[in-house]
Amino acid sequence: MFAYRQKIIVYVTNQMLMTSLWYGKQYQSHQTYQNEEAGHAAFRQYLSRHKKATIEVVVDAVEEEYQLEVLPHVAGSARREMLTRKLTQFSRNSVYKTAWFMYQETTARKEDAYVLLSLTTPHFLQHWMAVLQSEQALLAGVYALPMLSQFMVREIKIVPPQLLICERLSAGLRQTYLQDGRLRFSRLTPIDNLQTSQLVNCYVAEVEKIHLYLRSQRLINDAFTFQVMLSSIDAEHHAVMEKLEQQGFNCRIANRQDTLKKHDLKQSDVTLYPQLHYLQLLNEVGIKANLAPTEMTKDYRLKHLTNKMYMIAAVIAMIGLCISASLFVQGVNKNEQINHLTNLTNLLQKQHTLLISHLPASPIAGADMKTVVTTAQMLNEQSPIAMMQVISMALKDTPEVKISRLRWVQSNEENMLDGESRALSEQANQASGLDSALLQIGFVDAKVNQFDGDYQQTLAIANRLVTNLRLDNRVKKIEVMQMPVDATLVSQGSTSDQLAIKPASVVFKLKIIFSAAEKEGL
Amino acid sequence: MIKPLMNLCRTLSLPVIGLLVIVIAICLLVGFASIYKSNQYLLLKRAEIAYSNARERLQLSMQEQHDIEQYLPHYQRLLQTGFIGEEQRHAWIARLHQVGMQHQLFNIDYKIGQQTAYDSKLMLDGYKMHRSAMTLRWGLLHEDDFIHLLSGLREGISPFIVRDCEIAQAPDAEINSQRLQENLIASCVIDWLTLRDASVKVDF
């Protein structure tokens, strides 16, 4: 499973094949093989040693073709059919071809722009692919080297509107034209055993050629000259730059040293095989377009699917184990709580048993006993004596008043009248029950003695008594049932008449309702 | 066509079976763990209820002990005075005579009615309340005689409810402290209450 992380990125040219071994993102080693019988055999042996490694092939050859196509924006099977038809039209005989999505137009139709790529006559590739197939290598994809150029410029952060990358690789001089950082065209010129001065002239001549080609294709115009980017890895880059600038080209050097350090690539290796930088890019970025037909990558996809299933199984197992562990831990924690509670319950039961065994003998339950005793106490608290005390206190300030009759009754009717029979009050009391809050009502018949005919004074005396009674907080309400002056009678006579004989005393009647809250005190 | 398909099946069979086995095993494991946790949860709830019940029982017993210790002497006194059990109307009449003699009261007329069931909300297991209404009428030299009788009746015998009392001047009476005469007439209705075993049927 972990061997799956091993990746072999193969760089193929017309003459040779170079393997680079990667473990994760780390570069390990490289090997080169000539395109001949011995080279094929050695490559076969190499593959047999790395059966589980994923293989990716980068082709750097002159047999290549590029075409930008703007197609309607469709999806799903319609898109697949449209691209297949376009690719067939573009390169009918080629096995290695693809449509690489570039961008979506910002126009109203939102059409999709694709670069169609194909390897036109890849005879040099057949031997190597045969070895790969015979060894059942896990071929993940086949890519053209210029496909990596746009990732390279993004990495070194040089993205002018129109850029020509001019770089010497193992296959020869590679010139790749990018528009807005996207691949538009590329061309390889094989270079064999040229002197430095010849090499510089070759560079300049090739740049001029491609300049003319791009103009002819109306990809550039006179007013807008592209920028030529040279690699710092090329030994001749200064001389080339000088010569190109003399010709009027706008040049810049891409410093690749920092990038190499970042990826732990040796300077000597990259100087010898500049394409290593591109291979490293392929190891890091994923390119969705793939030149290889689906049959060739079938084993890899199957292996990929298998590994995904193993991964899913592992993830499910991990999640399941975590959930199970969590549930078990919660269960165990609850078990501890259960044990703790059981111990406490046993302790309480022991205390209860001990308490019960030492409980004093009782004829009835304690709660009932309490009710009986408190009821009996409550019965004894109810008496007219307290009412007599209240009236007695109030009479101290009114010695003229004499009580002729006093009635005290318990009732649940606040509006009860003095004339109501005792039987009625008994009935009411009984119906309301012992435990109802009964009102204590007092009826007082009083008279003012030594009446001298001054009714105003008599009224004042009666009112004083009422006021004194009200001062007692045990009194809830007082109603004067009859005043000393009886206003209900008809009074008739003449001022010329002699005054009638004055009565010796005048009578008044009060009804006093005592506060229920003060019942205990009454 | 068939051969690649068979190859595909052969290649994928192991991971598919492995995945299925893992999924089934994990489902079983999670299910078992879930059941274990649910059982423990139920057991915990039961243990909590048992603990709560035991604590409540202990508290009730402690309350019972407290009530018995506090109220048993009072209860025994009520048993002796006849508040609980058979009514002791002879004791009441005796007490009435005793109070009259003690405070030198005028003649006390009394009438005790038939014992009846008392409709009370007071709920006591196995007990039912009964009342016997007593009507009293007696002459007073002064108001203290009224107080002496009611207070005296409360001492040593069963509790009662005073329902209705009236004190009025005796007809044609003129207050003269030098003469022993009935200056006031008092009358009262009181309910003598008794608690009796509910199982004992009383015919009224």
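Numbers at a glance
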read-out	value
Filter result for residue B:41 (within 8 Å of chain A (Cβ to nearest Cβ), in a helix (DSSP H, G or I) and surrounded by 18 or more Cβ atoms within 10 Å (Cβ to Cβ))	no
Count - residues of segment B:44-63 that are more than 7 Å from chain A (Cβ to nearest Cβ) and within 26 Å of residue A:323 (Cα to Cα)	2
Among the candidates A:56, A:36, A:63, residue that is open to solvent by less than 30 Å² (accessible area, probe 1.4 Å) and under 25 Å from residue A:168 (Cβ atoms)	A:56
Filter result for the condition that a residue is without any contact (Cβ under 8 Å) to a residue 24 or more places away in the chain, closer than 25 Å to residue B:160 by Cβ and hydroxyl-bearing (Ser, Thr, Tyr), over A:383, A:411, A:392	A:392
Of all residues in segment B:156-173 being more than 10 Å from chain A (Cβ to nearest Cβ) and open to solvent by 50 Å² or more (accessible area, probe 1.4 Å), the one that is farthest from residue B:85 (Cα to Cα)	B:172
Number of the exception - residue A:128 against (1) within 30 Å of residue A:44 (Cβ to Cβ); (2) open to solvent by 10 Å² or more (accessible area, probe 1.4 Å); (3) in contact (Cβ under 8 Å) with a residue 60 or more places away in the chain	(2)
For residue B:109: the one exception among (1) more than 7 Å from chain A (Cβ to nearest Cβ); (2) closer than 21 Å to residue B:163 by Cα; (3) open to solvent by less than 40 Å² (accessible area, probe 1.4 Å)	(3)
Residue count for segment B:89-105, restricted to those that are crowded, with 18+ Cβ neighbours inside 10 Å and not in a helix (DSSP H, G or I)	1
Residue check for residue A:306: open to solvent by 80 Å² or more (accessible area, probe 1.4 Å) and either touching a helix residue (DSSP H, G or I) at 6+ places or on another chain (Cβ under 7 Å) or closer than 30 Å to residue A:8 by Cβ (or both)	no
Residue selected from segment A:282-295 under the condition open to solvent by less than 40 Å² (accessible area, probe 1.4 Å) and under 30 Å from residue A:93 (Cβ atoms), by the criterion nearest to the other protein chains (Cβ to nearest Cβ)	A:293
Within segment A:314-363, considering residues that are closer than 30 Å to residue B:8 by Cα and of a type in the set (Val, Ile, Thr), the one farthest from the other protein chains (Cβ to nearest Cβ)	A:315
Residues located in segment A:131-162, provided they are modelled with pLDDT under 90, touching a helix residue (DSSP H, G or I) at 6+ places or on another chain (Cβ under 8 Å) and open to solvent by less than 10 Å² (accessible area, probe 1.4 Å)	A:152
Pick from segment B:125-142, criterion surrounded by fewer than 18 Cβ atoms within 10 Å (Cβ to Cβ) and not in a strand (DSSP E or B), ranking: farthest from the other protein chains (Cβ to nearest Cβ)	B:142
Some residue of segment A:73-94 being open to solvent by less than 40 Å² (accessible area, probe 1.4 Å), over 20 Å from residue A:170 (Cα atoms) and in a strand (DSSP E or B)	no
Members of segment A:15-26 that are within 28 Å of residue A:189 (Cα to Cα) and open to solvent by less than 60 Å² (accessible area, probe 1.4 Å)	A:16, A:17, A:18, A:19, A:20, A:21
Filter result (of a type in the set (Val, Ile, Thr) and closer than 28 Å to residue A:330 by Cβ) within segment B:1-39	B:21, B:22, B:23, B:24, B:26, B:30, B:35
Segment B:64-86: number of residues that are in a helix (DSSP H, G or I) and either more than 8 Å from chain A (Cβ to nearest Cβ) or surrounded by fewer than 20 Cβ atoms within 10 Å (Cβ to Cβ) (or both)	12
Within segment A:222-244, tally of residues that are open to solvent by 30 Å² or more (accessible area, probe 1.4 Å) and over 18 Å from residue A:196 (Cβ atoms)	5
Selected residue (criterion: nearest to the other protein chains (Cβ to nearest Cβ)) from residues of segment B:8-34 that are of a type in the set (Gly, Ala, Ser), over 60 Å from the mean Cα position of the chain (by Cα) and surrounded by 13 or more Cβ atoms within 10 Å (Cβ to Cβ)	B:18
Residue that is hydrophobic (A, V, I, L, M, F, W, C) and surrounded by 19 or more Cβ atoms within 10 Å (Cβ to Cβ), where the choices are A:279, A:219, A:212, A:194	A:279
Some residue of segment A:372-386 being in contact with a strand residue (DSSP E or B) (Cβ under 9 Å, 6 or more places away or on another chain), surrounded by 18 or more Cβ atoms within 10 Å (Cβ to Cβ) and more than 7 Å from chain B (Cβ to nearest Cβ)	yes
Residues of segment A:134-167 satisfying the condition of being in a helix (DSSP H, G or I) and of a type in the set (D, E, K, R)	A:154, A:155
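Table: residues versus (1) away from every other protein chain (no Cβ under 14 Å); (2) closer than 19 Å to residue B:22 by Cα; (3) not charged (D, E, K, R).
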| position | (1), (2), (3) |
| --- | --- |
| A:256 | yes, no, no |
| A:259 | yes, no, yes |
| A:273 | yes, no, yes |
| A:276 | yes, no, yes |
| A:298 | no, no, no |
| A:312 | no, yes, yes |
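The values are calculated or read from the model by the stated rules, or taken from the named source; none is laboratory data. The model shown is predicted, which means the values in this text are computed figures rather than measured ones. Cβ: placed from backbone, ideal geometry, glycine included. Neighbour counts: every protein chain shown. Note: accessible area is taken over every heavy atom of the protein model, side chains too, but ligands, DNA and RNA are not part of it. Shrake-Rupley method; radii C 1.70, N 1.55, O 1.52, S 1.80 Å.
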